[in-house]
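To start, the structure under review is shown below, and the notes come after it.
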Amino acid sequence: MTATVTQVEAFIVSLPRDVPYLGPLAADETVNTKGYFVRKGNRTVYPTTDMSVLVKATASDGTIGWGETYGIAAPQAVVALIDELLAPFIIDRDPYEAATIWQDLYDMQRVRGASGGYYGDALAGIDIALCDLACRIADVSMSQWLGGGRVDRIPAYVSGLPKATLDERLDLARHFIDNGYTAIKYAGPSASDGIVTEMRALRAALGAEVDLMADLHWRFNAKAALALVRELAPYRPRFIEAPCAPEDIGGLAEVTAASPVPIAVGEEWRNLYEAKLRFDNARIGVVQPEIAHTGVSQFMAIARAARAHRAAIVPHATIGVGIFLAAGLHASAAMGASMYEYQHSVFDRNLHFVNTTMCCEAGYYHVPAGPGHGVVPRVELMQFIRR
Ligand code: MG
């Protein structure tokens, strides 16, 4: 008999940062008493610190597995779901059954509207921790455990140019190109001179060979999105991301049917059901699973669906200390992702808080050596952890 789970705990990580995620605050953006602010460009709430939720799973043989999920807004909700509701249902289970456990926990709440959102994030953090635990008990890397890593490095695309002016953003983009990166995505809402002007300026500054992408942050209806995509098309973007609101599946269908540029979606999906709804209705060019939302089990399910629908797999990356990102790299190595998002303003500074061989250099992520996903928190992280 293999080891069973004896304890599952969740913790909030909150790392201070000088410049907020996605760049400096605009003149009309203010931080509230709880440390949150809304980006006017995409009407989305962000914290002023780097927050995520860690999940620690302990087995009966003493092995520890680590998971991590979103903690961007009110991480206490995810911690409560794990500690108060989900953890007792995992005790005495076999961590090798991680995918089954994900399904069991999903089934418990599916009819109550808890099929995604914070509940999905809680399941994702648990799933990553259990998969890591199973791998560590077996002493294999996560990509081996998932069927075999095809590669040990994955192309990284630079995500976001968090500077206040277009000139500063062009300088930052040139800096990355000079350092070996070949793909850059900018945030539409942060393009202070306009989304098309930003693309035109980047293409002119960086040359014909660089891959450029624009994230539209779900801001447009189908008609406006298509008009914009057609204006961007002459600058040959590799893909255009998130044109319509997540719930506007009809709009997504319209845009993907007529767009001359591949459309990328999927960063907010928690599971295969959400993916299937879009695959069944739209011609998706690029799928961007976020393992901090999906966990390993659903990341693999979505990635396989992407393969079946001939969509490229280009995973999303968000705020974290590197644990879910490492799991995402292993899963991507197993599934053959084309590129992986590189949140340079988060990734490099937070590597200081974990032990790992993972790094991102000269245009490539290096998949960390195992066992498991290959990332363990360092003692330096402990001062930023709270229950
Ligand atoms: Mg995005």
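Only the coordinates and a few stated rules stand behind these numbers; no lab work does. Not measured: the values here are computed from a predicted model. Neighbour counts run over all protein chains shown; Cβ positions are idealised from the backbone, glycine included.
Brief remarks on what is shown
- Extension gain from Phe89 to Thr6, taking 0.36 nm per residue of separation minus the Cα-Cα distance: 28.8 nm
- Peptides 342-355, 260-273, 76-89 ranked from most to least packed, by the mean per-residue count of other Cβ atoms within 10 Å: 260-273, 342-355, 76-89.
- For the residues Gly149, Gly160, Gly62, a GNM of the chain with alpha-carbon springs under 10 Å puts the largest fluctuation on Gly62.
- Taken one residue at a time, the phi angles of region 55-71 give Karplus couplings (6.51, -1.76, 1.60, θ = phi - 60°) of 10, 10, 10, 10, 9, 5, 8, x, 5, 10, x, 10, x, 7, 9, 4, x Hz. Gly and Pro are set to x.
- Amide H contacts for Val354 (H built 1.01 Å from N in the peptide plane; partners 5 or more residues away or on another chain; cut-off under 5 Å): Arg378.
- Contact order relative to length of region 289-354, as percent, for alpha carbon pairs under 8 angstrom and 6 or more apart: 38 percent
- Convex hull volume of the Cα atoms of region 291-342, normalised per residue: 64 Å³.
- Beta bridges per DSSP with both ends in the chain, % antiparallel, nearest 5: 60 percent
- Region 195-248 pair-distance distribution - Cα-Cα, 5 Å bins, rounded %: 4, 21, 31, 21, 13, 7, 2, 0
- Eigenvalues of the alpha-carbon gyration tensor of region 93-179, scaled by 5 and square-rooted, set the equivalent ellipsoid semi-axes at 37, 23, 9 angstrom, largest first.
- Contour minus Cα-Cα distance for Lys34 and Arg386 (0.36 nm per residue): 125.1 nm
- Leu15, Leu146 arranged by Cβ crowding within 10 Å, fewest neighbours leading: Leu15, Leu146
- Across the chain, the relative contact order, built from alpha-carbon pairs under 8 Å that are at least six residues apart, equals 19 percent.
- Least to most buried among Glu274, Glu247, Glu290 (fewest other Cβ within 10 Å first): Glu247, Glu274, Glu290
- Structure remark: mean-square fluctuation, Gaussian network model of the chain, C-alpha springs under 10 Å; the largest value among Val45, Val13, Val53 belongs to Val45.
- Approximating the spin labels as points 7 Å out from Cα along Cα→Cβ, the Thr165-to-Arg304 distance works out to 5.3 nm.
- Legend: P(r) of region 306-387 from all alpha carbon pair distances, 5 Å bins from 0, whole percents, reading 3, 14, 26, 24, 16, 9, 5, 2, 1, 0.
- Taking the empirical scaling 2.2 N^0.38 Å for compact globular proteins as reference, region 145-374 has a Cα radius of gyration ratio of 0.97.
- Span-rule helices in the chain, defined as complete DSSP H runs reaching 27 Å or more along the axis (Cα) with Kyte mean at least 0.0: 117-138
- Taking amide H as placed 1.01 Å from N in the peptide plane, the amide H of Tyr365 sits under 5 Å from that of Ile154, Ala156, each at least 5 places away or on another chain.
- Based on Cα contacts under 8 Å between residues 6+ apart, region 5-139 shows a relative contact order of 30 percent.
- Annotation for region 32-74: trypsin sites (Lys or Arg not before Pro) lying in DSSP loop with at most 15 further Cβ atoms inside 10 Å of their Cβ are Lys34, Lys40, Arg43.
- By the rule of a C-alpha distance below 24 Å, with chain neighbours fewer than 8 residues away ignored, the lysines paired with Lys163 are Lys40, Lys185.
- Computed lengthening from Ala77 to Arg378, 0.36 nm per intervening residue step minus Cα-Cα distance: 105.9 nm
- Orientation-averaged projection of region 226-310 equals 5.1 nm² [convex hull of Cα atoms, one quarter of hull surface area].
- Principal semi-axes in Å for the chain [√(5λ), Cα gyration tensor, largest first]: 33, 22, 21
- Shape analysis of region 5-139 yields a ratio of the Cα radius of gyration to the Kirkwood radius, Rg/Rh, of 1.06.
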